[in-house]
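Quick notes on the structure that follows.
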Amino acid sequence: MATISPNGRFIAAAAFTADVKVWEIVYSKDGSVKGVSKVMQLKGHKSAVTWLCFAPNSEQIITASKDGSMRIWNINVRYHLEEDPKTLKVFPIPLCDSNGSALHYDRLCLSPDGKILAATHGSTLQWLSAETGKVLDTADKAHEGDITGIVWAPRTIPKGGELVTVLATAGVDKKVKLWMAPSVHPS
């Protein structure tokens, strides 16, 4: 899987290996693409990276792996001086099968404010704190069948005097569902 950073500067790709490659898109003054060059590699997972996403500020990448962990990487480094990206945090994936074995996430998507990570495995949808990795809420069987896509609304919307962040999911059941994000600090 591959994704482009929100600022359009980087492409990150995972090919079911334990590392992620990151390229920089070099633009001409007129906005056309002048070239693409590999600038860094994220190394640290012990098994295949199954999904990744950029933070809204394009300075971090979050990865999920079959090794049962998620990592938050700082890619705001001087790679032209061969400075390596740094792992900021490592969280265990808080999802297990009926035997207690750790599962991996199929999809990740970070909220526009960078505080909530939406993650899926099959038909399960979870919201996690991006700060602590703790589960904020879980929707088991969020769709009838696997979830095929997740995306946050680009901004929060007013609802009853407060602002709420909305997540959209799509599934093999040919439905799109909208979800209000849970509070990062439950009362």
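Table for the structure above
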{"read-out": "Identity of the residue in segment 119-135, of a type in the set (A, V, I, L, M) and either surrounded by fewer than 19 Cβ atoms within 10 Å (Cβ to Cβ) or not in a strand (DSSP E or B) (or both), that ends up nearest to the chain's Cα centre (by Cα)", "value": "Ala130"}
{"read-out": "The lone exception for Gly100 - which of (1) assigned to a strand (DSSP E or B); (2) free of Cβ contacts under 8 Å to residues at least 40 places away in the same chain it fails", "value": "(1)"}
{"read-out": "Cβ-Cβ under 8 Å pairs, at least 6 apart or on other chains, segment 154-166 side assigned to a loop (DSSP other than H, G, I, E, B) and surrounded by 10 or more Cβ atoms within 10 Å (Cβ to Cβ), far side polar (S, T, N, Q) and modelled with pLDDT of 75 or more", "value": "Thr156/Thr165; Thr165/Ser111"}
{"read-out": "Filter result for Ala142 (at pLDDT below 95, among the aliphatic types (A, V, I, L, M) and either closer than 14 Å to Ile62 by Cα or part of a loop (DSSP other than H, G, I, E, B) (or both))", "value": "yes"}
{"read-out": "Qualifying residues in segment 167-187 (those that are of a type outside the set (A, V, I, L, M, F, W, C) and outside any loop (DSSP other than H, G, I, E, B)) - the one farthest from Lys115 (Cα to Cα)", "value": "Gly171"}
{"read-out": "Filtered residue count, segment 8-36, keeping only those that are among the polar types (S, T, N, Q) and either in a strand (DSSP E or B) or farther than 21 Å from Asp84 by Cβ (or both)", "value": "2"}
{"read-out": "Enumeration of residues in segment 74-96 that are of a type in the set (Phe, Trp, Tyr) and assigned to a helix (DSSP H, G or I)", "value": "Tyr79"}
{"read-out": "Single match in Asp84, Asp106, Asp97, Asp140 (criterion: among the acidic types (Asp, Glu), touching a Gly at 6+ places or on another chain (Cβ under 8 Å) and farther than 22 Å from Pro154 by Cβ)", "value": "Asp106"}
{"read-out": "From Thr63, Thr87, residue being under 19 Å from Leu125 (Cα atoms) and in contact with a Lys or Arg (Cβ under 6 Å, 6 or more places away or on another chain)", "value": "Thr63"}
{"read-out": "Pair list, Cβ under 6 Å, 6 or more apart: segment 57-74 residue touching a residue at least 60 places away in the same chain (Cβ under 8 Å), other residue crowded, with 24+ Cβ neighbours inside 10 Å and in a strand (DSSP E or B)", "value": "Met70/Ala64"}
{"read-out": "Residue among Ile116, Ile93 that is surrounded by 21 or more Cβ atoms within 10 Å (Cβ to Cβ), farther than 21 Å from Asn7 by Cα and of a type in the set (A, V, I, L, M, F, W, C)", "value": "Ile93"}
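The values are calculated or read from the model by the stated rules, or taken from the named source; none is laboratory data. Everything numeric here is computed off the predicted structure, so don't read it as measured data. Using ideal geometry, Cβ is built from the backbone for each residue, glycine included, and neighbour counts are taken over all protein chains shown.
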